[in-house]
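Let me begin by presenting the structure, written as structure tokens, before commenting on it.
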Amino acid sequence: MINEKMLSLGNKRSVIREIFEYGNRRRSEIGADKVYDFSLGNPSIPAPEKVKEILLSLIENTEPTKLHGYTSAQGDLGVRTAIAENINERFDAGATPNLLYMTCGAAASLTISLNALLNEGDEVIVLAPFFPEYTVFIEKAGGKAVVVKCREEDFQIDFEALENAINSKTKAIIVNSPNNPCGVVLNEETISKLAELLNEKQKELGTDIFVIADEPYRELVYGDVVVPYIPNYYDNTLVCYSYSKSLSLPGERIGYIFVSPKVQNCVDVYAAVCGAGRALGFVCAPSLLQYLVAKCQGLTGDIEAYKQNRDILYNALVEYGYTVAKPDGAFYLFVKSPEEDANAFCEKAKSEEILIVPGDDFGFKGYVRISYCVALDTIKNSLDGFKRLIEQYR
Ligand code: PLP
């Protein structure tokens with residue numbers, strides 16, 4: 001008998017993938033330019049030109065057995081040193097190479113961190129709306145996901161609900177800001193209050209409660225919005241970072257875990273991270289990509305295109321009468337469905353060839369996610385359809 005849980009995960013495509021596949025069918029039937037596909041979070045801006053230059057130079061100038069060989073399990077020392085220096089320049093967070101662990105992107109950072117921290121039956125709080133894979137990762141690490149909904153008026157943390165959810169089994173809380181799917185950045189007041197509450201609860205319960213800061217969108221913010229660096233507010237923090245979105249390299253699978261030096265027993269926690277990476281069979285993150293990102297510190301793709309898309313779409317939707325969460329970062333809009341059942345609204349949107357994703361999978365019913373990491377023409381050409389759609393509800 002094979003593993004039933006894995007069988008069902010493998011057989012059940014995510015709703016997002018289903019919609020994307022539907023889009024593929026429609027594209028072949030009516031032409032790609034007639035389908036307004038806002039389903040996937042695949043970066044639409046290319047990786048910076050510098051990425052190509054560095055890759056070519058690495059290939060030309062690095063000894064092949066080094067370039068393509070194993071690095072140490074936690075990542076090449078020079079690479080971790082370069083990243084630690086960048087973290088300290090930007091956030092003065094006391095990063096050292098021996099607290100950094102290179103990973104295959106944020107998904108791997110999350111699974112490794114969860115496996116490092118959790119014992120069977122531990123609870124992990126996820127703030128809804130959330131990236132749907134969290135529940136899969138938590139369960140596989142032996143934990144139980146406890147969902148706490150954010151406040152609908154601004155998608156900041158609902159502290160009363162959070163306090164009620166914390167108990168002696170609470171091992172961690174995953175904090176994702178800028179957020180997928182709502183694009184909201186948790187502000188400094190929220191992060192300070194979160195730190196205060198978790199410190200109080202740790203003292204009261206006599207336990208460690210970790211923040212797992214999932215930050216693949218850290219660099220994708222528009223205007224002068226500041227994303228608080230959580231290790232500077234709360235001691236027991238692990239940062240899960242990825243270059244998938246900031247450098248538009250999602251298929252290359254590269255990121256890292258940073259265990260803050262302020263984490264209680266940080267040396268042991270880091271060792272558990274190394275152990276989890278080993279037990280999960282990661283061996284080491286891709287070496288060529290490690291050497292690349294070491295030389296890309298401080299570099300981000302040209303996010304002006306996302307900002308333009310966001311501004312056009314957000315302003316138009318608000319003008320047409322949609323209610324939209326304030327989108328300060330990432331490349332998603334979270335829009336209140338004009339009817340209670342967001343699935344029904346998404347079905348109706350298909351009649352305008354608009355493909356959007358219901359919020360149910362993100363733990364937040366009654367909303368839809370629109371990924372605006374698409375071509376500008378897709379945004380512009382979809383607007384009349386969005387207008388006609390909401391007019392059906394008047
Ligand atoms: N966390 C969030 C919130 C995401 O949106 C994603 C990807 O879309 C991931 C993690 C996984 O990122 P990666 O491709 O770096 O594994």
Could you report the accessible area of Ser248 in Å², rounded to 10, computed with a 1.4 Å probe on the protein chains as they sit in the structure?
20
Heavy-atom accessible area of Lys307, protein chains in place, probe 1.4 angstrom, given in Å² to nearest 10, is 60
Just how large is the dipole of the stretch 50-294 about the Cα centre, in debye to the nearest 20, putting +1 at every Lys and Arg Cβ and -1 at every Asp and Glu Cβ?
700
Please give the FRET efficiency for Thr207 paired with Asn3, using the beta carbon to beta carbon distance and R0 = 41 Å, rounded to the nearest 0.05.
0.85
Sequence order, the stretch 112-121: Karplus ³J(HN,Hα) from phi using 6.51 cos²θ - 1.76 cosθ + 1.60, θ = phi - 60°, Hz rounded, Gly and Pro as x, gives 5, 4, 5, 5, 5, 8, 8, 9, 3, x
HN-Hα couplings for the stretch 255-269 via Karplus (6.51, -1.76, 1.60; θ = phi - 60°), in whole Hz with x for Gly/Pro, come out as x, 7, 10, 10, 8, 4, x, 8, 4, 4, 6, 4, 5, 5, 4
Rh (Kirkwood; distinct C-alpha pairs) - the chain, Å:
21.9
Looking at the stretch 50-294, what % of its DSSP beta bridges pair antiparallel, to the nearest 5?
30
Which number comes out as Rg/Rh for the stretch 107-168 once both Rg and the Kirkwood Rh are worked out on C-alpha atoms?
1.00
Considering amide H positions built from the backbone, and no H for Pro or chain starts, which residues 5 or more places from Thr323, or on another chain, come under 5 Å of its amide H?
Lys336
At a temperature of 20 °C and a viscosity of 1.002 mPa s, determine how fast the stretch 105-218 diffuses translationally according to Stokes-Einstein, using the Kirkwood radius over alpha-carbon pairs as Rh; express D in µm²/s, rounded to the nearest whole number.
152
Convert each backbone phi in the stretch 230-247 into a coupling constant with the Karplus relation 6.51 cos²θ - 1.76 cosθ + 1.60 (shift: θ = phi - 60°), then list the ³J(HN,Hα) values in order as whole Hz, x for Gly and Pro.
4, x, 7, 10, 9, 5, 7, 10, 10, 9, 9, 10, 8, 9, 4, 9, 5, 10
Enter the Cα centre distance for the pair the stretch 203-236 and the stretch 352-383, rounded to the nearest angstrom.
27
Using alpha carbons only, how many angstrom separate the centre of the stretch 244-317 from the centre of the stretch 70-106?
11
Taking r as the C-beta separation of Glu188 and Glu152 and R0 as 25 Å, the FRET efficiency to the nearest 0.05 is 0.75
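The values are calculated or read from the model by the stated rules, or taken from the named source; none is laboratory data. Being a predicted model, the structure only gives us computed values, none of them experimental. Note: ideal-geometry Cβ built from the backbone for every residue, glycine included; neighbour counts use all protein chains shown. In case anyone asks, the SASA skips ligands and DNA or RNA and just uses the protein heavy atoms, side chains included. Shrake-Rupley method; radii C 1.70, N 1.55, O 1.52, S 1.80 Å.
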